[in-house]
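K.L.:
Handing you a structure now.
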Amino acid sequence: MILDEVTMPEYERGVRGSTTVIIPFGSLEEHGEHLPLCTDTLQVVEVCRRVAERTGVHLAPAVAYGVCRSTRNHPGTVGLGTATLRAIAVDLVRDFHRHGMRSFVLISGHAGKTHVLTLVDAGEQLLDELPDIRISVISEYNEIQEAGRALIEAADDSHAGEIETSRVLFLRPELVKGTSPAEWPSFPEARLVRDKRRHWRGGVWGDPAHASAEKGRRLTEIAVDRVIELIRELEDYQESPADAPR
Ligand SMILES: [Zn+2]
């Protein structure tokens, strides 16, 4: 079920069929001169929609803002603090749990480390609080980087580079406005920087020049297959007696 499109009776029937819900987390974040601010949200929602169609698990509406640290000085990046993101994730899982869901997949299209760790933190809190749930936290970008390695030409490609440009070219080509120069920024080792843009002029990490819609199609398929695998693993997981809630 696409949860924001069904009626109350359809929801009630749907929960009898599956109690697994995917909650996508995106961001409103600069992606260079050529990709839209919704890039992370678009990618994760399109993967989740395909996963829901193929598996019958339920898809919740996306949270379209995230924790964006390194790009927060770039125009267009508007985000949440960690306490807010954590509270949103906890509140959504608690409420879906109250309405019958038991397996939760928090999946992020934004790969920021602090952002993903905040979702992990929320998940750990929920494991303590709700003894009958299973929960996964997935960074779909990290899964793609790993599983799609053979397709990617640019070294150390991460933000608005070959991978993300290919994926948006496949999903919404009309939103891609040309390209941006390749860039591999460097931040100081330990010192936190106030003016982050000074260290990261263009807001790209990698090389969009290698991107193509065909690569985007294949990367999207890789992400869908991998997320389905991780959901199956979650649904089959049995707590060992030592882990089981007492
Ligand atoms: Zn991104």
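K.L.:
Assess whether Leu175 counts as being within 16 Å of the ligand (Cβ to nearest atom), under 17 Å from Ala223 (Cα atoms), touching a residue at least 60 places away in the same chain (Cβ under 8 Å) and in contact with a helix residue (DSSP H, G or I) (Cβ under 7 Å, 6 or more places away or on another chain).
P.N.:
The answer is no for Leu175.
K.L.:
When you go through Leu106, Leu92 one by one, which is the residue that is outside any helix (DSSP H, G or I) and at pLDDT 95 or above?
P.N.:
Being outside any helix (DSSP H, G or I) and at pLDDT 95 or above holds for just one of Leu106, Leu92, which is Leu106.
K.L.:
Consider the range 88-116. How many of its residues are within 17 Å of the chain's Cα centre (by Cα) and not polar (S, T, N, Q)?
P.N.:
Looking only at that region, the number is 16.
K.L.:
I've got another one for you. Scan the range 125-158 for residues that are in contact with a strand residue (DSSP E or B) (Cβ under 7 Å, 6 or more places away or on another chain), open to solvent by 20 Å² or more (accessible area, probe 1.4 Å) and within 16 Å of the ligand (Cβ to nearest atom) and jot them down.
P.N.:
Listed by number, the residues that qualify are Asp156, Ser158.
K.L.:
Residues to consider are Arg226, Arg167; find the one that is in contact (Cβ under 8 Å) with a residue 40 or more places away in the chain, basic (Lys, Arg) and more than 23 Å from Glu33 (Cα to Cα).
P.N.:
Arg226
K.L.:
Being among the charged types (D, E, K, R) and open to solvent by less than 40 Å² (accessible area, probe 1.4 Å) is true for just one of Glu189, Glu214, Glu183. Which residue is that?
P.N.:
Unique residue meeting the criteria: Glu183.
K.L.:
While we're on this one: Taking the stated definitions as given, is Ala122 surrounded by 16 or more Cβ atoms within 10 Å (Cβ to Cβ) and either part of a strand (DSSP E or B) or within 16 Å of the ligand (Cβ to nearest atom) (or both)?
P.N.:
no
Listed here are the residues, each with its yes/no results for (1) among the β-branched types (Val, Ile, Thr); (2) away from the ligand (no atom under 11 Å from the Cβ); (3) not in a loop (DSSP other than H, G, I, E, B).
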site: Tyr11; (1), (2), (3): no, yes, yes
site: Asp40; (1), (2), (3): no, no, yes
site: Val67; (1), (2), (3): yes, yes, no
site: Arg72; (1), (2), (3): no, yes, no
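K.L.:
Further question on the same structure: Give Gly26, Gly76, Gly81, Gly32 a once-over and let me know the one that is away from the ligand (no atom under 16 Å from the Cβ), among the small types (Gly, Ala, Ser) and at pLDDT 95 or above.
P.N.:
Answer to the check: Gly81.
K.L.:
Taking the criterion of being closer than 26 Å to Val224 by Cβ and more than 15 Å from the chain's Cα centre (by Cα), would at least one residue in the range 184-201 satisfy it?
P.N.:
no
The values are calculated or read from the model by the stated rules, or taken from the named source; none is laboratory data. Please read these numbers as outputs of a predicted model, since none were measured by experiment. Cβ: placed from backbone, ideal geometry, glycine included. Neighbour counts: every protein chain shown. Just so you know, the surface numbers come from the protein's heavy atoms only, side chains and all, with ligands and any DNA or RNA stripped out. Shrake-Rupley method; radii C 1.70, N 1.55, O 1.52, S 1.80 Å.
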